[in-house]
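Only one structure is covered here, and it is reproduced in the block below.
The values are calculated or read from the model by the stated rules, or taken from the named source; none is laboratory data. From a predicted model like this one, the values you see are computed outputs, not experimental measurements. FYI the Cβ positions are ideal-geometry reconstructions off the backbone, even for glycines, and counts take in every protein chain you see. Heavy atoms of the whole protein, side chains included, go into the accessibility calculation; ligands, DNA and RNA do not. Shrake-Rupley method; radii C 1.70, N 1.55, O 1.52, S 1.80 Å.
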Amino acid sequence: MAATQFATSDEEALILASVRDLVAEKVAPRAAEIDDSGEFPWDIKQLFAQNDLLGIPIPVEYGGLGGTFVTYVKVVEEVAKACASSSLIVAVQELGMLPIMIAGSDEQKRRFLPKIASGEHLAAYALTEVSSGSDALGSMKTRAVRKGDSYALTGQKIWITNGSVADVVCVFAVTDPEAGSRGVSAFVVEKGMPGFTVGKKEKKMGIRGSPTNELIFDDCEVPAVNRLGEEGEGFKIAMRVLDKSRPGIAAQALGIAAGALDYATNYAKDRVAFGKPIGQHQGVGFMLADMKADVEAARLLLYEAARRCDEGASDVTLWAAMAKLKCGDVAMSVTTDAVQILGGFGYSTEYPVERMMRDAKITQIYEGTQQIQRLVISRALVGKGK
Ligand code: CAA
């Protein structure tokens, strides 16, 4: 009873079939170990690179697969069914390259995207700061000051996924403190630029195979040719990126939920209590029924959001937020119920569902908390007001 995933083209069907095989043979057997060690799985990154999974929506002319966002989210989902940390390798490569795809010049796209698409370079996205998480604009402190042909960046970013392994980081910094939303600019900072260092690594509840770091910029000299878009366009670029990356996190959440549902269903068919499989006791059977309905509903919402990204629809902000909200909440409730269905075994690290539950939690927090998604959705309905 695998959760239902349908392909929209022959090409997509081929990609998904090959991803399913890769996940079953190479990713699933590594998932517990990756979680336990807390180390970035370079072997899995290499596997994804060799199979062209790190640049799915990057146009062919810039070295990518030229695939759709729909295909991309289905790939993230498929990987996340077995290993949330590994799915983030695909999703954050996407997040990190989106500022370049959205706002880069042709020259910048040619310079950065082919190496990201091939996996030679890993990418990251640096928006969050110590006092600026949800309030990404109002509390941003990192400064970029123009000095001739370059900018000097000074400040600190935190919670940066891929921080320690990324070769290119899209960084958002204030260029004009008086200009509000038009006072932020976006830059590509490259590993090794003087003044750029990676700080502490967070110890986390879940997604433990995905490094999350502090990044420090101390008078870091970034050439002006690495600025994306015009000065002052950075905040809008950051928001437009999140519109396209939130479906990736929704896909991760959905995959975690679908993986937990499959595991709990199989367990409920095998485990016997009071003379029959526990799934045939109404208490457990109805839990599974709700889990299944939630996963399928979340999936339809996500695929619709991704379809709208492909279409360039004017309401992607709303749909991306709805998909992230619903899939994140479904991931949390379904994994919690999966642990419950397995009982004591569910609580043991010998079974995967406790890891899935720990991994699910972050999908309600990063790329905008569930509270921020509700804010975005309600503003789309009734406006922001004063
Ligand atoms: N597209 C284009 N422009 C947008 C936009 C969008 N989706 N959303 C907002 N803007 C524009 C607005 O039109 C406005 O422009 P003007 O000033 O010209 O009118 C400007 O941006 C400011 O917008 P708001 O007034 O709406 O800004 P706000 O301060 O009220 O905040 C917010 C908006 C939605 C709360 C935003 O701050 C937000 O999304 N916060 C959450 C941040 C977030 O998601 N962080 C995640 C970090 S990445 C991460 O987690 C990755 C990882 O580890 C894997």
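How high is the FRET efficiency between A7 and D219 when r is their beta carbon distance and R₀ equals 35 Å, given to the nearest 0.05?
0.10
Need the full-extension length gain, A24 to F286, defined as separation in residues times 0.36 nm minus the C-alpha distance. One decimal, nm.
My answer for the length gained is 91.4 nm.
Run the numbers on segment 235-382 and let me know its relative contact order in percent, using alpha-carbon pairs under 8 Å that are six or more apart.
Reported as a whole number, the value is 32 percent.
What is the sum of charges around A224, taking Lys and Arg as +1, Asp and Glu as -1, for the other residues whose C-beta is under 12 Å from the C-beta of A224?
The answer is -1.
With a/c under 1.5 counting as rounded, go ahead and sort segment 123-232 into rounded, prolate or oblate using the C-alpha gyration tensor (a ≥ b ≥ c being the square roots of the eigenvalues; past the cut-off, prolate if a/b is larger than b/c, else oblate).
oblate
How large are Rg and Dmax for segment 235-382 when only the alpha carbon atoms are used, in Å?
17.0, 61
With a ≥ b ≥ c taken as the square roots of the eigenvalues of the C-alpha gyration tensor of the chain, please select rounded if a/c is under 1.5 and otherwise prolate if a/b is larger than b/c or oblate if it is not?
Cα axes put the chain in the prolate bin.
Can you tell me which of 330-336, 157-163, 214-220 comes out highest on packing, and rank the rest after it, using the mean Cβ neighbours within 10 Å?
My ranking of the peptides, most packed first, is 330-336, 157-163, 214-220.
Give me the percent of the accessible area of segment 294-386 that comes from carbon and sulfur atoms, probe 1.4 Å, all protein chains in place.
58 percent
Using alpha carbons only, how many angstrom separate the centre of segment 32-52 from the centre of segment 99-139?
Taking the Cα centre of segment 99-139 as reference, the centre of segment 32-52 is 22 Å away.
For segment 234-255 and segment 58-80, compute the distance between their C-alpha centroids and round to whole Å.
Cα centroid to Cα centroid, the span is 14 Å.
Within segment 64-88, find all residues whose amide N lies under 15 Å from a label point positioned 7 Å from the Cα of I365 along Cα-to-beta-carbon.
It comes to 85, nothing else.
Where only protein heavy atoms count, and the probe is 1.4 Å, what is the accessible area per residue for the chain in Å²?
42 Å²
Once label points are set 7 Å from the Cα along Cα→Cβ at both E311 and N51, what is their separation, rounded to one decimal in nm?
Taking the simple label geometry, E311 and N51 are separated by 3.1 nm.
Gain in length, K386 to E178, computed as 0.36 nm per residue apart minus the alpha-carbon separation, to one decimal in nm? Spell out each step's value before the answer.
Details: separation 208, 0.36 × 208 = 74.88 nm, distance 1.91 nm.
Length difference between fully extended and current span is 73.0 nm.
Do any of K115/K244; K191/K236; K200/K292; K109/K361 go past 28 Å between their Cα atoms, and which?
Check vs 28 Å cut-off fails for K200/K292; K109/K361.
Need the C-alpha centroid separation for segment 332-373 versus segment 181-214, integer Å.
So the two Cα centres are separated by 26 Å.
Round to the nearest 0.05 the FRET efficiency obtained for V272 and R379 when R0 = 41 Å and r is the Cβ-Cβ distance.
Values: r = 51 Å, r/R0 = 1.25.
Computed FRET efficiency for V272 and R379: 0.20.
Pull out the extension gain between D36 and A17, defined as 0.36 nm times the separation in residues minus the alpha carbon to alpha carbon distance; nm, one decimal. List each step's numbers first, then the result.
Numbers: separation 19, 0.36 × 19 = 6.84 nm, distance 2.83 nm.
That pair, D36 and A17, stretches by 4.0 nm at full extension.
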